[in-house]
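Shown next, in structure tokens, is the structure this report addresses.
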Amino acid sequence: MMTPPARPVARPRLPFSRLPFACLALVVLSQVGLGALFLSSSLAAAEITQQQENDFETHIRPTLTTRCLHCHGPGKQEGGLQVTTLELLLKGGDSGPALIPGKPDESLLVEAIRYEGFEMPPDGQLKKPVIQAVEKWIAAGAAWPPGVELKSPPKITAEDRQWWCIQPITDPAVPVVDDGGWCRNEIDRFLFARLAKEGIEPAAEASPAALQRRLHFALTGLPPQTEAASAALDYEGLVDRLLQEETYGENQARYWLDLVRYAESDGYRADFARPQAHQYRDYVIRSFNADKPYDQFVTEQLAGDETDPGNRDALVATMFLRHWIYEWNQRDVEGQWQAILDDVTETTADAFLAMGLKCARCHDHKFDPLLQQDYYRLKAFFAPLLPREDLPIADVDARREYEQQLAVWEQATADIRQKLFAIENPVLLKHSTREGVKRFVPEIRDMISKRPGERLPYEHQIASLAGRQFDVHPDKLPEWLDEKTEATRQELLQQLAQFDEIKPQPLPTLSYVVSDVGPQAPPTLIPGLETAGPVAPGFPTILDSKPASIIPPPPALASTGRRTALAGWITDPQNPLTARVMVNRVWQQHFGRGLVETSSDFGHLGAPPSHPELLDWLSRRFMEDGWSLKKLHRRILTSAAYRQTSQRPLTDELARKDIENQLLWRMSPRRLSGEEIADAMLSASGELEGKKRAIYKPVKRNQPDPLAALFDFPDRIRSTGKRHRTTTSTQALMLLNNSWTYDRARAMVRTLPADDDEAFLHQAYQRLFARPPVPQEIALGRQFLQTFTETVVAEKPAPLLAKLPSGQPAFDVAAKDPAFLLVPSSERLPQEDFTVRATVMLRSLYADASVRTIVTHWNGNAKSPGWSLGVTSTRSAYKPKNLILQLVGQNEAGQTQYEVVPSNLRLELNKPYEVAVRVKLADRSPAGITFYLRDLSVPGAKLQTASVKHTVVSGIRPSHALGIGSRDRSHNWEGLLGPIRLYDLALPEEEWMDEGKTNASASLPVLDLTFADADKPGADASTLPLHAQVQRGSTVVPGRQAQVALLHALLNSNEMIYLD
């Protein structure tokens, strides 16, 4: 049976040669005279007494071996000094003998270790007893056993090779236990055996309601919906159902994105956006939902461009190698590139191997059997890495055919292109903008100025990275070149165009991915040891000391195959780390701590496994199950151990035997993450469908989401294997006082009964806690509602109608407690083509990227059909004040697609405008969607138009109501909405908004809101009226305000924030 060693505080183990500066730098000994050289060499050869030999072995050999040989041994002799034999000590180094037998006070070795002049070793003075032993030895004649030559101790010892995580994964027998029927699967038998050994009984099973809520959060990160948990809960059926939900992948992705330090911005001060990064997040979600085998998942991220170059998903996966932080104006490009490769190396070791390799970057690891050489062996796999914004999406055959044809074109045009490069490149670089080229050091400017094909691999990497800091402008060359040179250039371009027929059509490409710089890798050198030559790719020496066997991929890929070899080693079933690490991470996810508590450090500074046999048994099953994560989740979640209640008191006996619950004698409660809290509140308020989950929020490294950050969201700069779970007063204060939480209560109250307190409480508790309220909670809730209602004075509602500057009546959507209109669903509402015309005046923008909605027939879900006309806000990707149309429907391939169609026509605040959009859905040309805008504050203002292409061609008709001024109670307008007309066709041009006839139209609208009647603001003046219903924030009514206050308190309760 494998028994892990106890965790050390620090390992006082050999070799100390791993310590930085661990040497006796005795180069100063040249000050000693040469007389010692004439002493008889018989001191070394003569017989010595047993006591002298004991003294030598006890004091002298360990000191010289552990503190000197690193710098003065066979492989390295600083100052020419070697201390492996007495003869070499007497000979000394470049400056003379190191010691004089019989005369310690005249030996510079003694002077140095006394710190009387020179201070050696430089990393800390030897202890006094050690110094005295050296003095005594020299005074007695420096007796040295015959034939002894000191050798450095092995860098990896026999003890190292016994460390638990280095051992092959075993397949231990499942214990036979007398459990009284408690165990449900093999996991329980392993756990029960340990509990029984300690004399501890497991806890009782949690209630069906608690288990239902626990399972939902464990697998989907969301609370249960409105269904109630019955006593006959189909637990295993629920596990299977939740594993098939799309929300499963969304939840699992959260843990993985922490590991790979995923973010959508660069970091550093500028923290520029990475608009393509979200594709990696979506790839991870898809992979988890598809139960992609973990070995394939790993391989795609490390080497998808080499193993499956025609698979877009496999290429997107390589974005794993692009999540490093990046400083956009860093002139030390070479230094930044090495930092990037270091980050990739360390993240790979952390995420897949739980190996703290970072400590071996500058020296051998002080505690783990990881050598500095190992760090650079692993880094060498990434040495040829090249960030790409133009990686072809094509399989090997397509790449080969393309490259062959491209080679024909390149050979035919080589002379022309060389001449063009000589004319254009110097001028383009001279006039480069943004940071420009001139600020780089000459060596980097030289790399940039070369043709890509003439650069060495390393030069191309550095030039490409530097190229991200400046722009060139070929379109301006005619301005910058003299007339004669420009004429020559144009003639060359015409000559080049004659070869277009043999130039291959470009392949589809993908950006924000990686490939290798070419089939040859730049050398990997250890800083300070460059003279030792390049380091070949390889694995940690303790696991495999041989260089990696690398099979070059097909030449068409222009890659080294190094990363494929690394992925193959990591996912090899014989690798003792990979399966253990992932199994432990999943266990940690469900129980709050891993079988190895330090989930990203399986080394000596980490914790040993609490149940090593169980870890190995699960790892073996994980691989046998085809590396299926869903099967692993199911195995863990269906155990009796996972179903235990968390409500077991900590007795004195339990505290004495296992105060940290490592043996799992109960379930440990946990606080929800910031994302889970936000999603749970949106789910309870009915807004989750209309607002994307927290997983889809952009992750800005320097501007994290306030709620998530307060609840320990990691900085996403370094790999995070386990988040902190703090409980602080600021968390409570933010939830209580932040308007976001209060707004969720306001939104939730609109979906609950207004006049039946008991029904209100039952539905609220079921929505929030997945259980009905107990009688005491009903009584307290009623008392609170009554007291609050009697205390609060009713507010007078704001008027619904106002007037535009022209005097036209308008519907007023206020910022506080906004009212809006809902038009009931009807077959008369547009099916495909439509036109919207409205007069509007906008008072403000959202501070974020939310949209100010004019008219919408969409619920906000990117997978639900619909359309919405509105104006962008402050942080929109389409810039503020932009009139846009959002569409969700089918594209020509029959796939559901969400798209934003921007007009780039902009509305200024507090100005009246006439706006319109005309949509002919099947027409994908710019004529298919046309926007119109006229500034009514300027007499005679010209009509602005914009025609924009789109991709959605059908299937935009939803079944729910149409909204005016709000989209699903969010994305509200704030300002005035004047007359609004909706047509179920794309109005002909001749009926459009000609000057002087802005309201003229021969076609009849299906909806005509004039806002002329203050008593019936939603009255429809069309032939077959679809009267709109006014919806206002009902918190102005005292009873509703009381309900909001109660919901706000419940949203802040422990039961909402914690999971039993």
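Could you identify the single residue in Leu378, Leu353, Leu371 that is over 26 Å from Tyr255 (Cβ atoms) and in contact (Cβ under 8 Å) with a residue 24 or more places away in the chain? Can you show your working first?
On the way: Leu378 fails: over 26 Å from Tyr255 (Cβ atoms); Leu353 fails: over 26 Å from Tyr255 (Cβ atoms).
Unique residue meeting the criteria: Leu371.
Would you check which residues across the stretch 652-670 are of a type in the set (A, V, I, L, M) and either in contact with a Ser or Thr (Cβ under 7 Å, 6 or more places away or on another chain) or assigned to a loop (DSSP other than H, G, I, E, B) (or both) and list them? Give the steps one after another, and end with the answer.
Narrowing the stretch 652-670 to residues of a type in the set (A, V, I, L, M): 654-655, 659, 663-664, 667.
Those that are of a type in the set (A, V, I, L, M) and either in contact with a Ser or Thr (Cβ under 7 Å, 6 or more places away or on another chain) or assigned to a loop (DSSP other than H, G, I, E, B) (or both): Ile659, Leu663, Leu664, Met667.
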Test Ala770 against the stated conditions and say whether it is in contact with a Lys or Arg (Cβ under 9 Å, 6 or more places away or on another chain) and either at pLDDT 95 or above or among the hydroxyl-bearing types (Ser, Thr, Tyr) (or both). no
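Listed here are the residues, each with its yes/no results for (1) buried (at least 20 other Cβ atoms within 10 Å of the Cβ); (2) under 23 Å from Lys197 (Cα atoms); (3) in contact (Cβ under 8 Å) with a residue 60 or more places away in the chain; (4) among the small types (Gly, Ala, Ser).
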{"position": "Leu614", "(1), (2), (3), (4)": "yes, yes, yes, no"}
{"position": "Arg621", "(1), (2), (3), (4)": "no, no, no, no"}
{"position": "Leu629", "(1), (2), (3), (4)": "yes, no, yes, no"}
{"position": "Ala641", "(1), (2), (3), (4)": "yes, yes, yes, yes"}
Taking the condition of being under 14 Å from Gly975 (Cα atoms) and of a type in the set (Ser, Thr, Tyr), how many residues in the stretch 821-842 meet it? 1
Given the conditions (1) at positive phi; (2) in contact with a helix residue (DSSP H, G or I) (Cβ under 8 Å, 6 or more places away or on another chain), every one holds for Glu300 apart from (1)
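Is it true that some residue in the stretch 295-306 is surrounded by fewer than 19 Cβ atoms within 10 Å (Cβ to Cβ) and out of contact with any His (no Cβ under 6 Å at 6 or more places or on another chain)?
no
Among the strands (runs of 3 or more DSSP E) confined wholly to the stretch 798-857, which include 2 or more residues that are of a type in the set (A, V, I, L, M, F, W, C) and under 26 Å from Ala986 (Cα atoms)? I'd like the intermediate steps shown before the answer.
Values: elements: 801-803, 809-813, 819-823, 834-842, 852-857.
Where strands (runs of 3 or more DSSP E) fall fully within the stretch 798-857 and carry at least 2 residues being of a type in the set (A, V, I, L, M, F, W, C) and under 26 Å from Ala986 (Cα atoms), they are 809-813, 819-823, 834-842, 852-857.
Within the group Arg214, Arg184, which residue is modelled with pLDDT of 95 or more, in a helix (DSSP H, G or I) and among the basic types (Lys, Arg)?
On the way: Arg184 fails: in a helix (DSSP H, G or I).
Sole residue among the options that is modelled with pLDDT of 95 or more, in a helix (DSSP H, G or I) and among the basic types (Lys, Arg): Arg214.
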If we ask which residues in the stretch 592-619 are aromatic (Phe, Trp, Tyr) and in contact with a Lys or Arg (Cβ under 9 Å, 6 or more places away or on another chain), their number turns out to be 1
Scan the stretch 913-947 residue by residue and report those that are of a type in the set (A, V, I, L, M, F, W, C) and buried (at least 19 other Cβ atoms within 10 Å of the Cβ). Val915, Ala916, Val917, Val919, Leu921, Ile929, Phe931, Leu933, Leu936
In the stretch 136-176, residues that are more than 53 Å from the chain's Cα centre (by Cα), buried (at least 16 other Cβ atoms within 10 Å of the Cβ) and of a type outside the set (A, V, I, L, M) total 2
Can you find, within the stretch 807-864, the residue that is farthest from Gln890 (Cα to Cα) among those that are over 40 Å from the mean Cα position of the chain (by Cα) and free of Cβ contacts under 8 Å to residues at least 40 places away in the same chain? Gly807
Residues within the stretch 671-687 that are surrounded by 20 or more Cβ atoms within 10 Å (Cβ to Cβ) and either assigned to a loop (DSSP other than H, G, I, E, B) or in contact with a Phe, Trp or Tyr (Cβ under 7 Å, 6 or more places away or on another chain) (or both), tallied: 5
Of all residues in the stretch 654-677 being in contact (Cβ under 8 Å) with a residue 12 or more places away in the chain and of a type in the set (Gly, Ala, Ser), the one that is farthest from Ala732 (Cα to Cα): Ser668
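Here's the yes/no breakdown for (1) in contact (Cβ under 8 Å) with a residue 60 or more places away in the chain; (2) outside the structural domain of Val915 (by TED's automatic domain parsing); (3) under 11 Å from Phe820 (Cα atoms):
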residue: Pro939; (1), (2), (3): no, no, no
residue: Lys949; (1), (2), (3): no, no, no
residue: Val953; (1), (2), (3): yes, no, no
residue: Ser959; (1), (2), (3): yes, no, no
residue: Gly965; (1), (2), (3): yes, no, yes
residue: Asp968; (1), (2), (3): yes, no, yes
residue: Trp973; (1), (2), (3): yes, no, yes
residue: Gly978; (1), (2), (3): yes, no, no
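Quick check: is even one residue across the stretch 634-651 assigned to a helix (DSSP H, G or I), more than 25 Å from Leu735 (Cβ to Cβ) and either among the aliphatic types (A, V, I, L, M) or in contact with a strand residue (DSSP E or B) (Cβ under 7 Å, 6 or more places away or on another chain) (or both)? Spell out how you get there, then give the answer.
Just the residues of the stretch 634-651 that are assigned to a helix (DSSP H, G or I), to begin with: 634-637.
Add one more test, that the residue is more than 25 Å from Leu735 (Cβ to Cβ), and what stays is 634-637.
Imposing the further condition that a residue be either among the aliphatic types (A, V, I, L, M) or in contact with a strand residue (DSSP E or B) (Cβ under 7 Å, 6 or more places away or on another chain) (or both) reduces the set to 636-637.
Yes, there is a match, as at least one residue in the stretch 634-651 is assigned to a helix (DSSP H, G or I), more than 25 Å from Leu735 (Cβ to Cβ) and either among the aliphatic types (A, V, I, L, M) or in contact with a strand residue (DSSP E or B) (Cβ under 7 Å, 6 or more places away or on another chain) (or both).
For the stretch 868-889, how many residues are of a type in the set (A, V, I, L, M) and not in a strand (DSSP E or B)? Even if it seems obvious, please write down each step before you answer.
If we filter the stretch 868-889 for residues that are of a type in the set (A, V, I, L, M), which is where we start, we get 869, 871, 877, 883-885, 887-888.
With the extra rule that they be not in a strand (DSSP E or B), the set shrinks to 877.
Selection size over the stretch 868-889: 1.
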Look through Pro506, Pro547 and report the one residue that is within 35 Å of the chain's Cα centre (by Cα) and under 24 Å from Pro387 (Cα atoms). Pro506
Condition met for Val535 (in contact (Cβ under 8 Å) with a residue 12 or more places away in the chain, part of a loop (DSSP other than H, G, I, E, B) and farther than 23 Å from Glu454 by Cα): yes
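Residue by residue through the stretch 688-715, note down the ones that are of a type in the set (Gly, Ala, Ser) and in a helix (DSSP H, G or I). Step through it out loud before you land on a result.
Step one: filter the stretch 688-715 for residues of a type in the set (Gly, Ala, Ser), giving 690, 694, 708-709.
Answer for the stretch 688-715, where residues must be of a type in the set (Gly, Ala, Ser) and in a helix (DSSP H, G or I): Ala694, Ala708, Ala709.
Output the residues belonging to the stretch 443-474 that are in a strand (DSSP E or B) and of a type in the set (Phe, Trp, Tyr). Step through it out loud before you land on a result.
Pass one, the stretch 443-474, residues in a strand (DSSP E or B): 470-471.
Result: Phe470, single match.
Residue-by-condition table, conditions (1) at pLDDT 95 or above; (2) surrounded by fewer than 21 Cβ atoms within 10 Å (Cβ to Cβ); (3) within 23 Å of the chain's Cα centre (by Cα):
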residue	(1), (2), (3)
Glu327	no, yes, yes
Arg331	no, yes, no
Gln338	yes, yes, yes
Thr348	yes, no, yes
Cys362	no, yes, no
Asp368	no, no, no
Pro384	yes, no, no
Pro392	yes, no, no
Glu410	yes, yes, no
If you check Leu605 against the conditions, is it in contact with an Asp or Glu (Cβ under 9 Å, 6 or more places away or on another chain), of a type outside the set (Gly, Ala, Ser) and surrounded by fewer than 20 Cβ atoms within 10 Å (Cβ to Cβ)? yes
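The values are calculated or read from the model by the stated rules, or taken from the named source; none is laboratory data. Being a predicted model, the structure only gives us computed values, none of them experimental. For neighbour counting, all protein chains shown are included, and Cβ atoms are generated from backbone atoms with ideal geometry for every residue, glycine included.
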